[in-house]
1. So, in region 129-145, exactly how many residues are surrounded by 14 or more Cβ atoms within 10 Å (Cβ to Cβ), among the aliphatic types (A, V, I, L, M) and closer than 22 Å to Q35 by Cβ?
2. Condition first: in contact (Cβ under 8 Å) with a residue 60 or more places away in the chain, within 13 Å of ligand 2 (Cβ to nearest atom) and of a type outside the set (S, T, Y). Now tell me which residues in region 14-32 satisfy that.
3. How do the pairs read when you match residues in region 34-59 that are under 18 Å from V13 (Cα atoms) and open to solvent by less than 60 Å² (accessible area, probe 1.4 Å) with residues anywhere that are modelled with pLDDT of 90 or more and of a type in the set (D, E), using Cβ under 6 Å and keeping only pairs 6 or more apart or on different chains?
4. Can you list the strands (runs of 3 or more DSSP E) lying wholly within region 77-172 that have 3 or more residues being within 16 Å of ligand 1 (Cβ to nearest atom) and under 11 Å from the mean Cα position of the chain (by Cα)?
Amino acid sequence: MSLRRRTLLKVIVLGDSGVGKTSLMNQYVHKKFSQQYKATIGADFVTKELQIDDRLVTLQIWDTAGQERFQSLGVAFYRGADCCVLVYDVNVLRSFDTLDNWHEEFLKQANPPDPKTFPFILLGNKIDIDGGNSRVVSEKKARDWCASKGNIPYYETSAKEDYNVDAAFLCIAKSALANEHEQDIYFQGIPEAVSETEQRGGCAC
Ligand code: GDP
Ligand code: MG
């Protein structure tokens, strides 16, 4: 039996308009950053292949088409997600305050089988701006929020400077993979095979 099977993982990226969702994805997948603001056209995904231990993984990363500003994202966007990435801008308080809504909206729309263990990840983006002087949300405040939601992993990132982007997406991939594994086992009806380390509770990265 070959252990090298390819796994497709759906990751969706949520957060207020302008926080850098599209930029983070572009930096991760294409190693590019653009200062220009372009509203994303057409709900879309990009893919990235990576190897995690002996697994070949295809991350399918879904970006919003800018509709987060004025309308709901539609059921196809949320359907079958294996991990939800929440993004805020550390320089914009409102983008942090709306995280509760995004978190809630995801659970409502995606309706995962076990909402308490579904993998979320929080990214505090744009930490490069003004050398951190215009920052309004502290790391502690963000980590407290993550703790209150069941220990969501947290990364501070800069899509512009390519800071922590790879690390964050590796954690995202590992979390999604751990969750997918749990579901496989769950559907086979042998839950006792789920080991401690495969349960969610932060990834090993
Ligand atoms: P989205 O609406 O969440 O997809 O946000 P975008 O990725 O379109 O980014 C909005 C604006 O913020 C663009 O002008 C980006 O160039 C800029 N931006 C995104 N990430 C960063 C970052 O890490 N640092 C800085 N300085 N600007 C960023
Ligand atoms: Mg966008």
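1. 1
2. L14, G15, D16, G18, V19, G20, K21, L24, N26, Q27
3. Cβ pairs passing all conditions: T58/E49.
4. 83-89, 120-125
For (1) modelled with pLDDT of 95 or more; (2) of a type outside the set (S, T, N, Q), each residue gets a yes or a no:
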position	(1), (2)
T98	yes, no
Q109	no, no
D128	yes, yes
S134	yes, no
P153	yes, yes
A159	yes, yes
V165	yes, yes
A176	no, yes
A204	no, yes
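The values are calculated or read from the model by the stated rules, or taken from the named source; none is laboratory data. This one's a predicted model, so the numbers in the text were calculated from it and none came from an experiment. Reconstructed Cβ throughout: ideal geometry from the backbone, glycine too, with neighbour counts over all protein chains shown. To get the accessible areas, we keep the full protein, side chains included, count just its heavy atoms, and leave off ligands, DNA and RNA. Shrake-Rupley method; radii C 1.70, N 1.55, O 1.52, S 1.80 Å.
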